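The values are calculated or read from the model by the stated rules, or taken from the named source; none is laboratory data. The model shown is predicted, which means the values in this text are computed figures rather than measured ones. Virtual Cβ from ideal backbone geometry, glycine too; neighbours counted across all protein chains shown.
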Amino acid sequence: MRQVRDPATARPARQRPREDGMPYFRVGSGPPLAFLPGLTPHHRQPRGRQRLFQLSQLKPLPSRHEVWWINRRPGLPPGVTMADLAADYASMLRERFAGPIDVLGVSTGGSIALQLAADHPDVVDRLVVVSAAHRLGPLGRAVAHEAATQLRAGRPRRANAALFTLLGTRPFGRRLLRGAGWLLGPAVFGTGDRDLVLTLEAEETFDIEDELPRITASTLVVGGALDPCYGAELFEHTAARMPNAELTLCGGKGHVGPQSRPVARAVRAFLAARPR
């Protein structure tokens, strides 16, 4: 069994960006769990409503873990890839911990977590992938392209409208959500931060299907059966291609995070049942 250093021996966390720019904060105590969030309006330390939202995603996670919320670094270079983002995470985890730790990624963070486990298995003990798969589905890819295009054109309301459609499970609901996203404007995804645009473009072309068999970490893939961004088939295929993966499909659910009760139950059960 792989051993993980007691988090008490890790270097003290600071609730601000590291020197290389990766914002992070940590909550709880116990064995470390790295949390890779979904899309954020920028890659700076979250404040105000953004921080409260991120904390709400951590609250359902097992209380016996010290959860490290870690975002991507700001100032991404043009043409950055998901492999590049995963390499940043690998460097940070190697710096902070003496061995592999549990990693949980949500949505875009889940895609990066898959890349991390494939390219840098030495830093990943157990892997939890929430609402993510080896690639985006057709609608998810189209929305990522539309949102990035609209942000580059200086039209954040249209970009927010596009991204909000991914929260719906039916066509009619997605049309309503598009309108809601436009009305909210930049309140959720901002006004077009360059790092958000580059991350959207990186995820649009992401496809790690051929690398999935190399992911040997014990893995849970969990998502909504009606997720418009991926869909049940992509979740099933992603889990089936990994040798030590299991799948939990949440019936009637769409693109959900750890706040969703069935997702939280599946994550807690997985982390409790799998010995370290």
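Are any residues in the stretch 107-124 outside any helix (DSSP H, G or I) and surrounded by fewer than 24 Cβ atoms within 10 Å (Cβ to Cβ), and if so, which ones? HIS120 - this is the single residue of the stretch 107-124 that is outside any helix (DSSP H, G or I) and surrounded by fewer than 24 Cβ atoms within 10 Å (Cβ to Cβ). The combined condition, being of a type outside the set (D, E, K, R) and either closer than 20 Å to ALA264 by Cα or surrounded by 22 or more Cβ atoms within 10 Å (Cβ to Cβ) (or both), is fulfilled by LEU220.
Checked against the criterion of being outside the structural domain of PHE189 (by TED's automatic domain parsing), assigned to a helix (DSSP H, G or I) and either in contact (Cβ under 8 Å) with a residue 24 or more places away in the chain or basic (Lys, Arg) (or both), the stretch 67-83 has at least one qualifying residue. The residues of the stretch 178-220 that are assigned to a helix (DSSP H, G or I) and under 18 Å from GLU236 (Cβ atoms), listed by number, are GLU209, ASP210, GLU211, LEU212, PRO213. Would you say ALA90 is over 26 Å from GLN259 (Cβ atoms) and not polar (S, T, N, Q)? Yes.
Out of the residues in the stretch 32-66 that are of a type in the set (D, E, K, R) and part of a loop (DSSP other than H, G, I, E, B), state the one that is surrounded by the most Cβ atoms within 10 Å (Cβ to Cβ). Applying the filter and picking the extreme gives ARG44.
Go through the stretch 61-74 and give me each residue that's at pLDDT 90 or above and within 16 Å of the chain's Cα centre (by Cα). Talk me through it step by step, then tell me what you get.
First pass over the stretch 61-74, keeping only residues at pLDDT 90 or above: 65-74.
Result: VAL67, TRP68, TRP69, ILE70, ASN71, ARG72, ARG73.
Kindly establish whether ARG94 is surrounded by fewer than 23 Cβ atoms within 10 Å (Cβ to Cβ) and without any contact (Cβ under 8 Å) to a residue 40 or more places away in the chain. So ARG94 fits the description; yes. Evaluate the stretch 182-195: report whether one residue or more is buried (at least 24 other Cβ atoms within 10 Å of the Cβ), touching a residue at least 60 places away in the same chain (Cβ under 8 Å) and over 20 Å from CYS250 (Cα atoms). Looking through the stretch 182-195, at least one residue is buried (at least 24 other Cβ atoms within 10 Å of the Cβ), touching a residue at least 60 places away in the same chain (Cβ under 8 Å) and over 20 Å from CYS250 (Cα atoms). Among the candidates ARG175, ARG141, the residue that is in contact with a strand residue (DSSP E or B) (Cβ under 9 Å, 6 or more places away or on another chain) and surrounded by fewer than 18 Cβ atoms within 10 Å (Cβ to Cβ) is uniquely ARG141.
Considering (1) modelled with pLDDT under 95; (2) assigned by TED's automatic domain parsing to the domain that holds GLN57; (3) among the aromatic types (Phe, Trp, Tyr), the lone condition that PHE235 does not fulfil carries the number (1).
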